[in-house]
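Notes follow once the structure below has been shown.
The values are calculated or read from the model by the stated rules, or taken from the named source; none is laboratory data. The shown structure was predicted, so the numbers you read here are calculated from the model rather than taken from an experiment. Every residue, glycine as well, gets a Cβ built from its backbone with ideal geometry; the counts of neighbours run over all protein chains shown.
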Amino acid sequence: MIFDNEKLKIPCRFFYMILHKLAEKLIEAKTKSEGENLLKTIAETDLVKLAIAVKEICYSFWTSEPTKAQASAKALENIYKFSPQKEIKAYSEWVSGIAEITRGNLVFATERLDGSAAVFLHLGKEHEAAQTQVARLYPLALLGRYKEAIMCGKNALKIFEKYGDNLAAGKIEMNLGNIVSRNELHTQAKEFYLAAHNRFLKINEVKWLTMAKNGLAITYSALNDFRKAEKFYNQALNRARQSKRLLTQAEIEASMGNLELFRGKLDEALKFLEAV
């Protein structure tokens, strides 16, 4: 049976669930024929939506399960071979760039992400093109191409602000904060983290708000403003505990332990480091 959302009038939420399950099966497919049989179950007009679903699944685990990111890239490559639409090519190059990051092929990763952005721009999709650049900042920073990374981030930020995408804008600002912090430009880092913090607060984005508070705390520590550092560390720690993000909680407690150690409060430092 071929699923066509327009003809069958399947409710959008249910159709999205079908696409998500199909995307997962496609990523897990062991053979080319298995993948092709799955692709034949969906109308060609919905293959772009399937490509988007594969991309979203890739993003949900690429930092924790890199082999799945690589499988996602292969799945998108197969979708493009099955239906060579330019938009599918753009998503295929995007996820291929993510996969190359997980392999450590950083130069190739930036090239694939640039290729994806170019296709999106050709299609008149500048918002999607800008989204590929969020991922591109990471390999650029690791390659030491800081000026290029900052320019890339600021250009993408303008697009996100144009479309009112506070989540993506905040992520870019977090990445920019991390980059300038690597260069000991802590006052600039503070400005980026504060801007991101306010965006996440506005849209009530809990995960990224916690990370922004942690970034601010680290930056205020570097600026020797220990009172503000302690304030933001406590806020970040409370949010991490409430949302049961144990890894984030451990990272924050480690930073708090180092702060107390630097301030000569050895008992407090020991308490945090033992908790970690």
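Descriptive notes on the structure:
- Qualifying residue in the stretch 31-38 (condition: at pLDDT below 90, surrounded by 15 or more Cβ atoms within 10 Å (Cβ to Cβ), within 17 Å of VAL54 (Cα to Cα) and of a type outside the set (A, V, I, L, M, F, W, C)): yes
- Pairing each residue of the stretch 106-123 that is in contact (Cβ under 8 Å) with a residue 24 or more places away in the chain with any residue that is among the aromatic types (Phe, Trp, Tyr) and surrounded by fewer than 24 Cβ atoms within 10 Å (Cβ to Cβ), provided the two are 6+ apart or on different chains, yields C-beta distances under 9 Å for LEU106/TYR138; ALA109/TYR138.
- Any hit, the stretch 230-244, residues being at pLDDT 95 or above, among the small types (Gly, Ala, Ser) and surrounded by 14 or more Cβ atoms within 10 Å (Cβ to Cβ): no
- Selection status of ALA29, among the small types (Gly, Ala, Ser), in the same structural domain as GLU128 (by TED's automatic domain parsing) and within 25 Å of GLY115 (Cα to Cα): no
- Segments classed as helices (runs of 4 or more DSSP H), wholly inside the stretch 60-150, with at least 2 members that are farther than 25 Å from ASN178 by Cα: 66-82, 86-103, 106-122
- Inspection of the stretch 112-129 finds a residue satisfying the criterion of being touching a Pro at 6+ places or on another chain (Cβ under 9 Å) and closer than 22 Å to GLU77 by Cα.
- Selected residue (only one of LYS68, LYS81 is in contact with a Cys (Cβ under 8 Å, 6 or more places away or on another chain), over 28 Å from GLY144 (Cβ atoms) and assigned by TED's automatic domain parsing to the domain that holds ARG145): LYS68
- For the stretch 86-107, a residue qualifies if it is within 14 Å of ALA51 (Cβ to Cβ) and surrounded by fewer than 17 Cβ atoms within 10 Å (Cβ to Cβ), and exactly one does: LYS86.
- Residue match in the stretch 14-30 (condition: part of a loop (DSSP other than H, G, I, E, B), modelled with pLDDT under 95 and either over 30 Å from LEU142 (Cβ atoms) or in contact with a Lys or Arg (Cβ under 7 Å, 6 or more places away or on another chain) (or both)): yes
- Extreme residue, nearest to ILE88 (Cα to Cα), among residues of the stretch 142-153 that are buried (at least 21 other Cβ atoms within 10 Å of the Cβ) and of a type in the set (Gly, Ala, Ser): GLY153
- Selection status of LYS207, surrounded by fewer than 17 Cβ atoms within 10 Å (Cβ to Cβ), in contact with a Phe, Trp or Tyr (Cβ under 9 Å, 6 or more places away or on another chain), more than 21 Å from HIS127 (Cα to Cα) and at pLDDT below 90: yes
- Some residue of the stretch 136-148 being at positive phi, small (Gly, Ala, Ser) and in the same structural domain as GLY104 (by TED's automatic domain parsing): yes
- In the stretch 171-276, counting only helices (runs of 4 or more DSSP H) that sit wholly within it, the ones holding 2 or more residues that are more than 30 Å from TYR146 (Cβ to Cβ) and of a type in the set (A, V, I, L, M, F, W, C) span 266-275.
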